[in-house]
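Data block below; observations after.
The values are calculated or read from the model by the stated rules, or taken from the named source; none is laboratory data. Just so it is clear, the structure is predicted and the values come from calculations on it, not from any experiment. Neighbour counts are summed over all protein chains in view; Cβ atoms, including those assigned to glycine, are modelled from backbone coordinates with ideal geometry. Accessible surface is based on the protein model in full, side chains and every heavy atom, while ligands, DNA and RNA are left aside. Shrake-Rupley method; radii C 1.70, N 1.55, O 1.52, S 1.80 Å.
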Amino acid sequence: MVESESRRLIIKRDRRNKSRILLYGILLSLLLFVLNLVKPTLSDFLHYRFYDLLLSANRGESSSVPVIVDIDEKSLKHYGQWPWPRYRIATLLDKLRNLGALSIGLDMLFAEEDRASIHSIRKEVSRDFGVELDFREVPHSLRDNDQRLAKTLSGGSVVLGYQFLFDEGSDSENCLLHPLRVNKLGYDKVERDSPLFIHARSVSCNLKMFSRLRQDPGSSIFPRKQMVSCDVYP
C-alpha cells in the first residue's frame with residue numbers, strides 16, 4: 001500500500017516536472033523568436049558568442065592543412081628579386097604537386113606577359129637597339145615562360161585570383177572571367193537599402209592563356225577554377 005502510494009507520487013512529480021520543462025522550453029523559444037524580430041543584431045551577437053565558446057572549448061589537435069608556402073626574404077635572397085620568372089613559378093607548382101598537394105591557390109596575378117622570357121628579351125632588344133639575338137641552342141620549350149606556366153596550370157587543381165578595383169577603371173573587357181554562383185536569402189528591399197556585396201568598378205585579371213578553361217574528356221586534365229581575391233597588389 002505504501003509502496004504503491006510512493007510510486008503514484010513519483011509519477012505525479014515526474015509529470016509535473018516534464019510539464020514545467022515543456023513550458024519553460026516554449027517560453028524560451030517565444031522569447032528568442034520575439035527577440036529575433038525586434039532586435040536581430042542582438043540574437044546574431046549571442047549566436048556568434050555561443051559559437052566562439054564552442055570553438056574555444058575544442059582543444060583538439062590543429063590540422064596540417066592548408067599549408068601556406070611563403071615567398072620570404074630567404075627565398076628572395078636565394079633565387080633573386082621579385083617577380084620571379086614564370087618558369088620558376090611553374091617549377092614550384094610542379095614540386096608542390098609531387099609533394100602531394102591536392103589543390104593549390106595562388107595569391108598573385110599574372111596580368112602581363114613575362115618580360116624575363118627569352119622571346120620577350122629578343123623582341124625588346126630588336127626594338128630598342130636593332131640587334132637580332134640568336135638563341136638557336138635554347139630549346140623552344142624554354143623560350144617562353146608564359147607557355148611553360150600555362151602548361152603547368154593545365155594540369156589542374158590550381159586556383160588563380162582576381163583583383164577588384166574600386167577607384168579606377170581597367171581593360172576588364174579583355175578578361176576571361178568565370179562568374180560565381182551566389183545563393184541569396186532575403187528581400188529585394190533589404191538589398192536596395194543595404195547592398196549585400198561590395199560593387200567594384202572593374203577588375204584586374206590574369207592573361208587569358210592562364211584563365212582559359214581546358215577540359216579534355218579523354219584525359220585526366222581538370223578544368224581550372226578561379227577564386228575571388230581582394231588583396232591589393234603592387
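Observations on the model:
- Single residue of region 99-158 satisfying the filter (among the basic types (Lys, Arg) and in contact (Cβ under 8 Å) with a residue 12 or more places away in the chain) that is surrounded by the fewest Cβ atoms within 10 Å (Cβ to Cβ): 151
- The residue that is most open to solvent (accessible area, probe 1.4 Å), among those in region 17-68 that are small (Gly, Ala, Ser) and closer than 30 Å to residue 100 by Cβ, is 62.
- Residues in region 74-89 that are within 25 Å of residue 164 (Cα to Cα) and open to solvent by less than 50 Å² (accessible area, probe 1.4 Å): 84, 85, 86, 89.
- Given (1) at pLDDT 85 or above; (2) over 27 Å from residue 104 (Cα atoms); (3) in a loop (DSSP other than H, G, I, E, B), number of the condition residue 126 does not satisfy: (3)
- Filter result (of a type in the set (A, V, I, L, M, F, W, C) and farther than 20 Å from residue 114 by Cβ) within region 72-99: 99
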